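Read through the structure below, which is laid out as structure tokens, and then see the notes.
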Amino acid sequence: MKGSKLTNAKRNSLIGFSFTIPWVIGFIFLFLIPLIKTVLYSFSSISIGKSGFELSFVGVRNYRATFSEDPNNLRMVLTSIGNVVVTVIVVVVFSLFLAILLNQDFRGRSLARVIFALPIIIASGVVIVLLKENVLQQNMGSSDTAATLFQGNGLLDFLKLMGLPDNIVGMFENILNNIFDMVWRSGMQIILFLSALQSIPSSSYEAAKIEGATAWESFWFVTFPMISPFLLVNIVYTIIDTFTDSTNTVMSKIFSLVSGVEYEKAAAFSIVYFILVLLVVGLVYIIMNERISYSER
């Protein structure tokens, strides 16, 4: 029957929806259901019986205990926020700088791009753990491998001689000690910035050059506005990646609570942390979205 045939628009819609099915299945079973269970656990007292977990409703007791019983929890959350601010600035600026370099025409450019894309492939596996804990620490003989490798101690001494406050010096020390991690976690951001740079039409730079713009002016008035949507994506990605990193002090505390079979406290702490991450991401999006240029290229 002619009436039963699908139009091209409907056919394309069904094809597009079919591509989202794996994501929908993963979202339901790997995120939504665990999230609902976590919320239930956070309002309950959990005991392990013959049939599994036995829940008894206790209200917000676990949430009050999260910060009243252990005052270090609030300090860890505030420290985590401070680390996120520093990490986002360093990673995004470093990623943009490297993307601009990799976008230039030079010999060995393809190999360089592959090298900086490697962290995306192996950063989430055991390779990065073995590399950091065994290779670097054994070769350098110290946990502060990055600071020693980049002669960070001399820079810290210089900052202290300048009379900078201890918290500022501590911030630089933290950056130096974790510079390997920051470089390693910049792979995705570099690729996104690189794709944004390659999508800028050459006619825009030609028009700027005809108008007498310098390279510095071309960057701020042509390149930066064109890549600003990708800047927002990279900032949000880096925020979430840093907040959820396994080495994060809050994440480590949640893992330790789970290991200690304190599931209800771990659930309450993780829900509070989850809401905090949403608030930070939402605030950054609201602030940045007004400054992003979405004009057609």
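The values are calculated or read from the model by the stated rules, or taken from the named source; none is laboratory data. For clarity, every value in this text was computed on a predicted model and none was experimentally measured. Positions of Cβ are backbone-derived with ideal geometry, glycine not excepted, and every protein chain shown enters the neighbour counts. Protein only, heavy atoms only, side chains kept; ligands, DNA and RNA dropped before computing areas. Shrake-Rupley method; radii C 1.70, N 1.55, O 1.52, S 1.80 Å.
Structure values in brief
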| quantity | calculated |
| --- | --- |
| Positions within segment 60-109 being polar (S, T, N, Q) and farther than 30 Å from LEU40 by Cβ, in sequence order | ASN83, THR87, SER95, ASN103, GLN104 |
| Boolean, PHE274 is farther than 30 Å from LEU194 by Cβ, open to solvent by less than 20 Å² (accessible area, probe 1.4 Å) and aromatic (Phe, Trp, Tyr) | no |
| One residue from GLY163, GLY212 being in a loop (DSSP other than H, G, I, E, B) and either at pLDDT below 70 or open to solvent by less than 50 Å² (accessible area, probe 1.4 Å) (or both) | GLY163 |
| Candidates PHE57, PHE94, PHE19, PHE31, filtered to the one that is within 30 Å of ARG185 (Cα to Cα) and in contact (Cβ under 8 Å) with a residue 12 or more places away in the chain | PHE94 |
| Residue check, SER51 open to solvent by 90 Å² or more (accessible area, probe 1.4 Å) and either farther than 25 Å from ILE235 by Cα or in contact (Cβ under 8 Å) with a residue 40 or more places away in the chain (or both) | yes |
| Checklist (1) touching a strand residue (DSSP E or B) at 6+ places or on another chain (Cβ under 9 Å); (2) open to solvent by less than 50 Å² (accessible area, probe 1.4 Å); (3) at pLDDT below 90; (4) of a type outside the set (Val, Ile, Thr) applied to ALA267, failing item | (3) |
| Enumeration of residues in segment 232-241 that are buried (at least 20 other Cβ atoms within 10 Å of the Cβ) and either farther than 17 Å from ASN83 by Cβ or touching a Lys or Arg at 6+ places or on another chain (Cβ under 6 Å) (or both) | ASN234 |
| Enumeration of residues in segment 95-120 that are assigned to a helix (DSSP H, G or I) and among the charged types (D, E, K, R) | ARG109, ARG113 |
| Among (1) of a type in the set (Ser, Thr, Tyr); (2) free of Cβ contacts under 8 Å to residues at least 24 places away in the same chain; (3) open to solvent by less than 40 Å² (accessible area, probe 1.4 Å), the one test that SER228 misses | (2) |
| Single residue of segment 65-122 satisfying the filter (among the aromatic types (Phe, Trp, Tyr) and farther than 16 Å from ILE235 by Cα) that is surrounded by the most Cβ atoms within 10 Å (Cβ to Cβ) | PHE116 |
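Table: residues versus (1) touching a Leu at 6+ places or on another chain (Cβ under 6 Å); (2) assigned to a helix (DSSP H, G or I); (3) among the polar types (S, T, N, Q).
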residue: TRP23; (1), (2), (3): no, yes, no
residue: LEU40; (1), (2), (3): no, yes, no
residue: ILE48; (1), (2), (3): no, no, no
residue: VAL77; (1), (2), (3): no, yes, no
residue: ASN83; (1), (2), (3): no, yes, yes
